[in-house]
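Read the structure below first, then the notes.
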Amino acid sequence: MLTTEHPMPRRPVRLPARGKPMQDATSDTPIETILFGAFDRHNFGDLLFPHVVAAMLPERRLRFAGLLERDLRPFGGHLVEAIAKQAASRDVRPFDIVPVGGELLTCDAWEAAVMLAPETRVRATIDAQPAWARDPAGWARANFGLPARAPYVLSKADFPCARRVLFNAIGGVDLAQRDSRMRADLVSALHDADDVTVRDATTQCLLEAEGIATRRLPDPAVMIAELFGDIVAEHAASEAVSSVRDTCPNGYLAIQFSADFGDDRTLDEIARGLDLAAASHGLGVVFFRAGIAPWHDTLETYDRARKRMRTPSVSLMTSPNVWDICAVIAGSRAYCGSSLHGSIVAAAFSVPHVNLRHPARGSTQSKQTAFASTWEDSDWPGEVGVEQIAQGIEKALRIDSTRLAFTARRLVAEYRAGFAHVVALTA
């Protein structure tokens, strides 16, 4: 849940300087670029995306929009407006829309509403699933102002003044499992888009089978060290981060997993694997949350895991600030977790990393495995089950540091080259 009980950022986030905004050829009014995505809720990757895309579009007049109005600035995010207001606006000035990334294709309106619900409304929103199932479009309109089954996949038809809609590094590995009406809506919206880039080969194959031309682009978070390394270094010195780091003088493993890993059997396996991995290298363990919206991470789950462990140095970094989270990952000896963006940020800082698979999913494809198989070397650990945590961390730690650094640089170059097309189209 979003709360204000946690430490606020000590310093404002400093983005790269922006130049003069581009002008509408028919007036003196600068053309706006609306960055749109799920950064109206607290999720690690979603909060990072608009920072990256804004930094990559320096000569633009930018606005930030989600499904609901939210102020995520206390957590290192943005002041976000509701995109439906733009759709209903009578302003005839042209603008561009850039959906900034993430697993946008397969998030339906009900799932979005649950993850956006305030604490007092979570249960009621979950219980509204039958109402949503009876009338998805009507339910979405009532809750978000747009009749979209997949509300983060904007249709250009809903925005008459949109000059261009440019989807940036989106994912949708479970697209084939969604219902036919939702897939039809998605295909229609993407056909009308001016540019579609996807972050993994699985999503690319699924969309191209539907006749949608795509380009492949790494996830925006590969740019975090390149663009915001100084900010992350500053937050590494903050009390929230330094206090947990100081409890692990020989270094630490950065560990994260969502609340659905919280059954007793799974926590027993996690604790056992972390104890083995930490003891093998004389390391401590630092737990952190990669998201505090509903269905994400909880302090209570980590506390239960910590009580099962024998490792002498086990800490919990409680700050939900996005830059503190980056700093904990960047300063670790290795990262292991269920958050895809935990792994991507670790990779950006050349930190060994391994994804953690939920026991209920078995070995089926996921956004984590899709991204790893698309962009990382085949002999890297990729993803492991909870019973293989120690082996996965050991394999990650054996990767030569020069290979990690080379991959980080390669992904930065890939993203810059691919995003240059977006820069040109919004000029």
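The values are calculated or read from the model by the stated rules, or taken from the named source; none is laboratory data. Being a predicted model, the structure only gives us computed values, none of them experimental. With ideal geometry, Cβ positions are generated from the backbone for all residues, glycine too; neighbour counts draw on all protein chains shown. Protein only, heavy atoms only, side chains kept; ligands, DNA and RNA dropped before computing areas. Shrake-Rupley method; radii C 1.70, N 1.55, O 1.52, S 1.80 Å.
Accessible surface for residue 64 stands near 30 Å², nearest 10, in the context of the full protein assembly shown (1.4 Å probe). Placing unit charges on each Cβ (+1 for Lys and Arg, -1 for Asp and Glu) gives the chain a dipole about its Cα centre, and among 412, 250, 56 the Cα reaching farthest toward its positive end belongs to 56.
Accessible area per residue for segment 123-269 is 41 Å², calculated with a 1.4 Å probe on protein heavy atoms, without ligands, DNA or RNA. Remark: spin-label model distance residue 309-residue 250 equals 1.4 nm, labels positioned 7 Å along the Cα→Cβ axis. Here the Gaussian network model covers the chain, with springs between Cα atoms less than 10 Å apart; of 255, 126, 170, 126 fluctuates the most.
If r is the Cβ-Cβ distance from residue 237 to residue 316 and R0 is 25 Å, what FRET efficiency results, to the nearest 0.05? Mind dumping the intermediate values first?
Values: r = 19 Å, r/R0 = 0.77.
For residue 237 and residue 316, the calculated efficiency is 0.85.
Annotated for the chain: lysine pairs at least 8 residues apart or interchain, Cα distance under 29 Å, count 6.
Which GluC sites (Glu not before Pro) in segment 69-131 sit in a loop by DSSP (not H, G, I, E or B) and have at most 15 other Cβ atoms within 10 Å of their own Cβ? Passing both the DSSP loop test and the Cβ count: 69. Scoring 413-420, 231-238 by mean Cβ neighbours within 10 Å over their residues and listing the highest first yields 231-238, 413-420. Taking all protein chains together and rolling a 1.4 Å probe, residue 344 ends up with roughly 10 Å² accessible. Put simply, the amide H of residue 338, placed in the peptide plane, has neighbours under 5 Å in 256, 257, 258, 356, leaving out anything fewer than 5 places away on its chain. Each residue of segment 212-222 was assigned a 3J(HN,Hα) from its phi angle through the Karplus curve 6.51 cos²θ - 1.76 cosθ + 1.60 (θ = phi - 60°); the sequence is 9, 6, 9, 10, 9, 9, x, 4, x, 5, 5 Hz, with glycine and proline shown as x. The residues of segment 365-427 expose on average 46 square angstrom of accessible surface per residue, using a 1.4 Å probe on protein heavy atoms. Once both labels are positioned 7 Å from their Cα atoms along Cα-to-Cβ, the gap between residue 414 and residue 133 label points is 3.9 nm.
Mean residue ellipticity at 222 nm from the helices of the chain, using -39,500 (n - 2.57) per DSSP H segment of n ≥ 4 over the full residue count, to the nearest 500 deg cm²/dmol? Present the calculation step by step, with values, prior to reporting the outcome.
Working: 17 runs with 178 residues, N = 427.
Theoretical 222 nm ellipticity from helices: -12500 deg cm²/dmol.
Among 60, 272, 181, the largest mean-square fluctuation in a Gaussian network model of the chain, built with springs joining Cα atoms closer than 10 Å, belongs to 181. Residues in segment 257-271 carry Karplus couplings, in order, of 7, 7, 5, 6, 8, x, 6, 4, 5, 5, 5, 4, 5, 4, 4 Hz; the curve used is 6.51 cos²θ - 1.76 cosθ + 1.60 with θ = phi - 60°, and Gly or Pro positions show x. Considering only 389, 282, 78, the residue lying farthest towards the positive end of the dipole of the chain is 78, judged by Cα position with unit charges set on Cβ. Taking amide H atoms as placed 1.01 Å from N in the peptide plane, the amide H of residue 385 lies under 5 Å from those of 357, each 5 or more residues away in sequence or on another chain. Here the chain is assigned +1 on the Cβ of each Lys and Arg and -1 on the Cβ of each Asp and Glu. Its dipole about the Cα centre then comes out at about 420 debye.
Please get the size of the charge dipole for segment 27-185, origin at its Cα centre, with Cβ charges of +1 on Lys and Arg and -1 on Asp and Glu, quoted in debye to the nearest 20.
The dipole magnitude comes to about 280 debye.
Here the Karplus curve 6.51 cos²θ - 1.76 cosθ + 1.60, taken at θ = phi - 60°, turns the phi angles of segment 150-157 into couplings of 10, x, 8, 9, 6, 9, 4, 5 Hz, with x standing for Gly and Pro.
For a modelled paramagnetic label at residue 378, 7 Å from Cα along Cα-to-Cβ, the residues of segment 198-238 in reach, with backbone nitrogen under 18 Å, are 201-202.
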